Structure formats: structure tokens, C-alpha cells
Ligand code: ATP
Ligand code: MG
């Protein structure tokens, strides 16, 4: 059946329809996870383009991660809205800057894009006499990213960081010095970073009337998904694109703001109806994604949130039939946790769940390794998303250098995948020379993934973003591909294969899977030890909410007592007792996490609260049970135990060292 604008409306609920059919002008959809915000906004675009009200080539839809943008394009295609550009802020800005660069730079080539700040920040720190290891340089790079995304210049940094109560990696004056030195190094090296690129897009429009006219003639209708994570620099770009017009639809959930450490703020979402007078505001509450059990857990987590977003919070109402109970598992150590997750993935795949419908989500990328190993051992295919690891691999970095060098030597008509394959011969790759196994095989596979990526990239029709030739498709070039790689290295997005997704919670937003494993739920990991202020802990809670709400059907929560076998005991995440779906209340005065428990000569006893097997001292005096936070009262202990009994079924009771 042909897709018509009327058919787009079928299958939407009344509130979604109201959003889809709202008249031209500002529209704001405020709603929780899984309520169909992305569906509503893609349907709005399809409805307007199919009815002939607007032309697809005048629409710009933006979001924050490459995978979310790909998901939007996919949904738009299914809805019959071909030719709409759905991109990340970065990708949209990059195309604009590339297009206008020859004009604005008097024919000079666009400066090369840094794919990571860390190396240059290390040099900048050394210049101002600060010695840094990789972790310290990463923290400084993060701080510079925050400043630049918040439109803060080096000279303003100290005041603004203080006002924003930043937990700065060094004395703010030192950070400002590194920031200034970094900017100088960048200029003298003729390179730019990603914030510079966004700034160049803004500057191009704000300072050049002809550029502004051309861009605004091209882009007339705007959509921003995940608007709760917009930062001031991106907002300024959006306003530059709009140029005082107001045909903009924003969609967001303040409870899913998870990028405030890099300058994102839900205040633009919250204030949208005030800034855009006459805006149509739509709220959605029906959750179409997850089983009522998963929805219940999500509500329990977020009902205890504090802070600004609480004003906008709406309880989700599950629409799907009941599903399996979520599972809470506790393990002695991380390898045991990873092995159990891998075994469960294996069982799901064997029972017919496609591997691509399963995700293992964690707080930090460093957690990925144990799962990679366990999945490999269990022979479950996987793809690491949200990991710098792919782009940190030595061969991938060498390949990126070789690809850049190749742009200097290949004008011609060579198709992109061929050009990439040819360039990779410089780093010893050949298409049909796959080594049998081991590190050589991994290396070959990583390089092959780049060729595969080039094939996918070349297959997506690239429409020139701007200008009279806007609807003309042109083949993508090696230079485009190199920029795409640099962008992905920053956005931490790796090529997809059919496998279990291993992803950080940050990179999982907007996405959904049949089965989700939320692993490593211990104090110090989620919430991370770096979360010290109430606001930072609240952001960790929102991350947990984002994680839980990715699951359609199966949800498994787990944590391990020690990182490695026999290692130091860690406490369960303070959020776990709050997951009680009957709505447990948070207790004040949670004990400081990570206190080293006293070691005793051990004997086996059971925890009188939760029944876990414990190894206790010779006097049978029970130490702290890592399963049960001991600073909560009996009643909450009881509820925790009930909850675990309900969800855990016949779980293996692990032994602990206390
Ligand atoms: P998130 O906050 O995580 O980005 P979202 O609000 O954007 O979530 P969607 O991804 O649009 O939610 O929708 C969640 C799931 O529910 C999708 O699988 C979508 O197809 C489905 N869905 C949305 N609306 C409806 C509806 N009216 N009827 C049936 N299914 C729906
Ligand atoms: Mg969405």
C-alpha cells in the first residue's frame, strides 16, 4: 500500500496525532522514554511532506548520536518521507562548513579536524608546566569541551567555571592556562576541533549575509530530537539556522538529560514554550516500548529524582502485555558476571532472539573488555559501540593517517570503497588475505570494518546540503569519508555488524533492544565515584533511567562484589534498593561507598536479611553484607529481599568475602 499522509496517522494515539497535525510553527513534545516521541516527530515530517505542505528537501532533522540519526533516517524511509536530511548537529555543521569553506577561506582548504583533543591537551599542559598522564589529559580535554560548548572563552573560564560550580580537574586558573595554550597550539598547527567546527557554522551564518540567505533558503523546517541534551553552542547554531523564523519542532525528556557534564542543559527544553510564543505543547504518557514490569522499574527510579526536571515528570503508563520479570543477579566478581551475561546471551540467541536485538550496557567503556572476552568465549557475535577502542586501535589510527595521505594523491573517479581499499594496502591490508586467527586476524577485521563502513557510507545517498544544486546527489569522496571517520571517532560510533551491542549508557539513548543487560551496578561505578554533588548523582540516576528504558522485553540488572576474583568488596549501587516497584523511598545518609571492609578469618554463614551465603569471621559475627546495604533499616531490607525473591527466581547464591 502506498504511504499517504492519512496512513501516517493510523496507529498513532490522539496526543501523537495532535503533535503530527499541529499547524506550522513551534511545537514541543515533552514526554518520557518510549512514549513515541521519535515516532511522533518522524510522523510529523512524513505527514507534512506527503500532504505536499512542505518539501522534504527543506527539512533538517537533527539529533545527537550517529546511530540515532541513522534510526531517524530509517524510520523516515519506512514512512515514505525520502529525501529528508536527518543528521547529528556535528554532521550537519560539517557539511555546511565544508560547502562554504572555499568561499569563506578564499579557496584555501578547510583545516584538518582533530579527532581527539587529548594529544594536543597533553602538549598544552606541558607548555604551561603541568605534567599529565592520559587520564588527567582526558579530564582537561573534557573541561575544555564543556567550556567551548558553553561558549566560554579562556579569559572567561575562571569566572564561568566557578559560577557553574564545576568540579574542575585542577585549580581553575591552571585549567584556563591549559585551555589558552591549547587554542594557540591548534591555531599554529592549522587544525580545528569539533566545537570550532560548530562555531564556524555559526560564524558563517552570523557574519555573512549571503551564506545566511542561502542556508535559510535551504533549511526552512527544523526538528530536534533529544532536545534535552542541547548545549548552548548547538542552540546558537539552531537559532542561526532559524534566523528568527519559528517552524521548529523539539522533542525531549528532561529525565533523560545525561550530557550536562559537557554543557548540555534541559533548560532550553523547559523554557521552549516561553521562548516560542504560541507553541503547541504536547505531552505523551503511554509507553509503547517496554513491558509493564520494565515501565514499573523506570517509574520507581525516576519518581525519586530531584531537581528541575521533576517539574516536568509524568508517570509512564505501560501499554504492552506483561512480560518476563526483570532479573537482579549478584556475582562474586566481574569475570563471573560477564560469563553469566554471555551465557544468557547465548541462550537468547539459541532460542531465536537475533543478536542485534540484545544489548549489554555499562557506565564506562573500560567495563567493555570483560564482556568482549566472555562473549568471544561463548561464541556470541558482538559489536562494541560507544567505545573509543575501535578508533584507538593502532591499525585503525595508522589507516586513518594513510587515508588522509591518500586524499592528497587520488583526484579521480575511483568509487569510495575501492579508494579506501587501495589506501589500506599501505598499512598491509589485502581483501582476501584474512589470517587464521589471533591478533593478526583482529587487525585484519578492524581494517576490513573500515572498508565495509566505506561501502555503507557510499551507499547512503549524499545530497548536497545547501545551494542551488541541493537536490543533486553526488558521489561521496575520500575527504568526506575521512571527516566522517574523524566525527565517528569523536562521537564514538563504530561500524555495525549483526551482533550483541556493547555500549555505554550514554551512547544508548534513543535506541531500544528486546533484551538489555545493565551490568556493573555497584557503588563507584553507577553512580560513578566522580559523582560528588547532588546534581552529579542525579545525572547518574537519569543514566540508570535511560538504561532501564532501552529494554522492550527482557531486563537483567547485575553487579559483582569484587572487580577481580578475591578482590576488594564493593557495595551495591545505592539505586538498587530504590528499584522496588512498590516505590521504596530513599533513605537519607547513605554510607560512603568503597570503604574497605575488614578482613577476618572466614567461615560460611548466611546473611540473616537476604539469605546470601557469606564468609564471616570466626566469631560468626556478621560483617557487612555486600548484597544488603547495612545502613538501611529492617523494613527496607525486607522489601529488598522480597523484591529479589520476586525477580531473581532460582538464582545462584554466590559466596562473599566480608
Ligand atoms: P526515547 O525517549 O527512548 O527516545 P521515544 O519517546 O522517542 O523514546 P520511540 O522510540 O518513538 O519513543 O517509540 C518507542 C517504541 O514504541 C518504538 O518501537 C515505536 O515504534 C513504538 N510506538 C510509538 N508510538 C506507538 C503507537 N502509537 N503505537 C504502537 N507503537 C508505538
Ligand atoms: Mg526517541
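Descriptive notes on the structure:
- Of everything in region 245-261 that is more than 16 Å from ligand 1 (Cβ to nearest atom) and farther than 14 Å from residue 273 by Cβ, the residue that is modelled with the lowest pLDDT is 261.
- Residues that are closer than 30 Å to residue 52 by Cβ and within 16 Å of ligand 2 (Cβ to nearest atom) are absent from region 210-217.
To keep it simple, each residue is scored yes or no on (1) within 16 Å of ligand 2 (Cβ to nearest atom); (2) in a loop (DSSP other than H, G, I, E, B); (3) more than 25 Å from the chain's Cα centre (by Cα).
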| residue | (1), (2), (3) |
| --- | --- |
| 321 | no, yes, yes |
| 331 | no, no, yes |
| 338 | no, no, no |
| 346 | no, no, yes |
| 352 | no, yes, yes |
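- Inside region 337-364, residues that are more than 30 Å from residue 36 (Cβ to Cβ) and either at pLDDT 90 or above or crowded, with 20+ Cβ neighbours inside 10 Å (or both) make up a count of 9.
- Condition check for residue 115: closer than 22 Å to residue 202 by Cβ, in contact (Cβ under 8 Å) with a residue 60 or more places away in the chain and assigned to a loop (DSSP other than H, G, I, E, B): yes
- Pairs, first outside the structural domain of residue 81 (by TED's automatic domain parsing) in region 25-54, second more than 8 Å from ligand 1 (Cβ to nearest atom), C-beta under 9 Å, six or more apart: none
- Odd one out for residue 258 among (1) within 16 Å of ligand 2 (Cβ to nearest atom); (2) at positive phi: (2)
- Residue in region 520-539 that is away from ligand 2 (no atom under 16 Å from the Cβ) and under 14 Å from the mean Cα position of the chain (by Cα) present: yes
- Selection count where residues are in a helix (DSSP H, G or I), surrounded by fewer than 22 Cβ atoms within 10 Å (Cβ to Cβ) and touching a helix residue (DSSP H, G or I) at 6+ places or on another chain (Cβ under 7 Å), scope region 68-88: 1
- Of all residues in region 15-33 being within 10 Å of ligand 1 (Cβ to nearest atom) and assigned to a helix (DSSP H, G or I), the one that is surrounded by the most Cβ atoms within 10 Å (Cβ to Cβ): 16
- The residues of region 1-19 that are within 16 Å of ligand 2 (Cβ to nearest atom) and either in contact with a helix residue (DSSP H, G or I) (Cβ under 6 Å, 6 or more places away or on another chain) or free of Cβ contacts under 8 Å to residues at least 40 places away in the same chain (or both), listed by number, are 12, 16, 19.
- For region 47-61, a residue qualifies if it is at pLDDT below 95 and either within 16 Å of ligand 2 (Cβ to nearest atom) or on the phi > 0 side of the Ramachandran plot (or both), and exactly one does: 52.
- Residue count for region 1-14, restricted to those that are assigned to a helix (DSSP H, G or I) and within 12 Å of ligand 1 (Cβ to nearest atom): 3.
- Count - residues of region 20-35 that are within 13 Å of ligand 2 (Cβ to nearest atom) and touching a strand residue (DSSP E or B) at 6+ places or on another chain (Cβ under 6 Å): 5
Let's see how each residue does on (1) surrounded by 16 or more Cβ atoms within 10 Å (Cβ to Cβ); (2) in contact (Cβ under 8 Å) with a residue 40 or more places away in the chain; (3) in contact with a helix residue (DSSP H, G or I) (Cβ under 7 Å, 6 or more places away or on another chain); (4) in a helix (DSSP H, G or I):
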residue: 97; (1), (2), (3), (4): yes, yes, yes, yes
residue: 100; (1), (2), (3), (4): yes, yes, yes, yes
residue: 120; (1), (2), (3), (4): yes, yes, yes, yes
residue: 130; (1), (2), (3), (4): yes, yes, yes, no
residue: 135; (1), (2), (3), (4): no, no, no, yes
residue: 140; (1), (2), (3), (4): yes, no, yes, yes
residue: 145; (1), (2), (3), (4): yes, yes, yes, yes
residue: 152; (1), (2), (3), (4): yes, no, yes, no
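- Condition broken by residue 92, with the remaining ones in (1) over 28 Å from residue 397 (Cα atoms); (2) touching a strand residue (DSSP E or B) at 6+ places or on another chain (Cβ under 7 Å) satisfied: (1)
- Of all residues in region 522-545, those satisfying the criterion of being in a loop (DSSP other than H, G, I, E, B) and either touching a helix residue (DSSP H, G or I) at 6+ places or on another chain (Cβ under 6 Å) or within 20 Å of residue 253 (Cβ to Cβ) (or both) are 526, 527, 531.
- Leading residue by the ranking (nearest to residue 339 (Cα to Cα)) among those in region 496-519 that are in a strand (DSSP E or B) and more than 16 Å from ligand 2 (Cβ to nearest atom): 517
- Those residues of region 355-386 which are assigned to a loop (DSSP other than H, G, I, E, B) and within 22 Å of the chain's Cα centre (by Cα), in sequence order: 363, 364, 381, 385, 386
- Candidates 503, 479, filtered to the one that is closer than 30 Å to residue 402 by Cα and within 16 Å of ligand 1 (Cβ to nearest atom): 503
Yes/no per residue for (1) closer than 17 Å to residue 233 by Cα; (2) over 18 Å from the mean Cα position of the chain (by Cα):
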site: 84; (1), (2): no, yes
site: 96; (1), (2): yes, yes
site: 116; (1), (2): no, no
site: 124; (1), (2): no, yes
site: 152; (1), (2): yes, yes
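- Within region 34-64, if we keep just the residues that are assigned to a strand (DSSP E or B) and within 16 Å of ligand 1 (Cβ to nearest atom), the residue that is surrounded by the fewest Cβ atoms within 10 Å (Cβ to Cβ) turns out to be 61.
- Every listed requirement among (1) in a helix (DSSP H, G or I); (2) on the phi > 0 side of the Ramachandran plot is met by residue 293 save one, (2).
The values are calculated or read from the model by the stated rules, or taken from the named source; none is laboratory data. No experiment lies behind these values; they were computed from the predicted model shown. Virtual Cβ from ideal backbone geometry, glycine too; neighbours counted across all protein chains shown.
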